[in-house]
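**Student:** One structure, pasted below without further comment.
The values are calculated or read from the model by the stated rules, or taken from the named source; none is laboratory data. Since the structure is predicted, the reported quantities are computational estimates derived from the model, not experimental observations. To get the accessible areas, we keep the full protein, side chains included, count just its heavy atoms, and leave off ligands, DNA and RNA. Shrake-Rupley method; radii C 1.70, N 1.55, O 1.52, S 1.80 Å.
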Amino acid sequence: MVDALEEARRILVDDGVLVDARPDSRMSARVRARSATGRVIGTIGSQRPTKSDDTHSDHAVADVLRRGLFTSRRRGRLWHAIPFEDAGELQDYLDDHLRFSHRVRWRAPRAARAGRLFVERAVRFDVLERR
Amino acid sequence: MSATANVGRLLPGGLGYLRPPAEIELAAYGVDLRGRRVADIGAGEGRLALGAARGAKTVLAVDPDRTALRRGRTEATRRGLRNVTFRYGTAQDLRLPDRSFEVVIFSWTL
């Protein structure tokens, strides 16, 4: 991972910008009822290997910052909203997912899970400037 | 100097792509691509690269998946984009000249 960041730095002009966006498994995905701004009725965690991979990515970015190869211009977190027609479709999605846990931790009774659902997943980003 | 931005901002996704439209995602990063030479490393089928091509001077999309690259080229042609190029490569060994891009994008690449 660090070698990829070093390679990106090599092809950037002075003061060039690297945008790095990566999934943020430190935050559980949120399941919302009916709309992307609806009530949170469940959460979805990440599989253990995924968390480990994401930690390594975070460490790689921290490493190139510490070594002064880049400076941080901006960082933040975005949420991607993914719609599902119903809980069945969401479960089908999770059954094959390589990152998410395969089960929703529901916070609401079954009746509240009827209808359309939205999953919000966290994406962390860093905007780095070449030094 | 570092800053924290966009915490909690919600971008629309969709089952067709599971990621937001490229223009929306790129705008959220707050980087001006207009007139810039952009490299999208780990570009896949070029979702972000094709979105970036609308404003950038040139976009190079690099990925180790040749099938994805073919799809990206086809889509670029369909959209009439002439300033985007797809090339085989890996993030660790880009085989590109030093200091040749103003912006590099790693989206789910690390």
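**Student:** Please report the orientation-averaged projected area of chain A, defined via the convex hull of its C-alpha atoms, in nm².
**Tutor:** Working: hull surface 34.6 nm².
Averaging across all directions leaves 8.6 nm² for the Cα convex hull.
**Student:** Okay, moving on. In what sequence, largest accessible area first, do A:Thr37, B:Thr90 appear using a 1.4 Å probe?
**Tutor:** On the way: A:Thr37 115, B:Thr90 50 Å².
Largest accessible area first, the list is A:Thr37, B:Thr90.
**Student:** Follow-up. Relative to the compact-globule scaling 2.2 N^0.38 Å, provide the ratio for the alpha-carbon radius of gyration of the range A:73-131. Mind dumping the intermediate values first?
**Tutor:** Numbers: Rg = 15.7 Å, N = 59, 2.2 N^0.38 = 10.4 Å.
So the range A:73-131 has a normalised radius of gyration of 1.52.
**Student:** If you count only protein heavy atoms and use a 1.4 Å probe, how large is the accessible surface of B:Ser100, to the nearest 10 Å²?
**Tutor:** 20 Å²
**Student:** Next up: If you restrict to DSSP beta bridges whose two residues both lie in the protein assembly as shown, what percentage is antiparallel, to the nearest 5? If you can, show how the numbers build up before the last one.
**Tutor:** On the way: 33 of 59 bridges.
DSSP beta bridges in the protein assembly as shown are roughly 55 percent antiparallel.
**Student:** Also: Apply the a/c threshold of 1.5 to the C-alpha gyration tensor of the range B:10-110 and tell me whether it is rounded, prolate or oblate.
**Tutor:** Values: a/c = 1.34, a/b = 1.17, b/c = 1.15.
Rounded, because the longest to shortest axis ratio a/c is under 1.5.
**Student:** Could you give the semi-axes, largest first, of the ellipsoid that matches the protein assembly as shown, computed as the square roots of 5 times the alpha carbon gyration tensor eigenvalues and rounded to whole Å? Please list the in-between numbers first.
**Tutor:** On the way: eigenvalues 205, 83, 50 Å².
Those come to 32, 20, 16 Å.
**Student:** Based only on Cα atoms, what Rg/Rh ratio does the range B:35-80 have, Rh being taken as Kirkwood's radius? Numbers along the way, then the final one.
**Tutor:** Values: Rg = 9.7 Å, Rh = 10.3 Å.
My calculation of the ratio gives 0.94.
**Student:** Could you tell me what % of all Cα pairs in the range A:48-106 have separations over 18 Å?
**Tutor:** Details: 963 of 1711 pairs.
For the range A:48-106, the share of Cα pairs beyond 18 Å comes to 56 percent.
**Student:** Relative contact order for the range A:1-95: what percent, with Cα pairs under 8 Å and sequence separation of 6 or more? Provide the component values of the computation, followed by the final result.
**Tutor:** On the way: 56 pairs, mean separation 25.7, N = 95.
Worked out over the range A:1-95, it gives 27 percent.
**Student:** Let me ask you something else. Total accessible area buried between chains B and A, 1.4 Å probe, in Å² to the nearest 100? Before the final figure, lay out the partial values.
**Tutor:** Numbers: alone 7570 and 7870 Å², together 11660 Å².
That pair of chains buries around 3800 Å² in total.
**Student:** Separate question: At 222 nm, what helix-only mean residue ellipticity would the protein assembly as shown give, in deg cm²/dmol to the nearest 500, using -39500 (n - 2.57) for each DSSP H run of four or more?
**Tutor:** On the way: 6 runs with 66 residues, N = 241.
Roughly -8500 deg cm²/dmol at 222 nm, from the helical runs in the protein assembly as shown.
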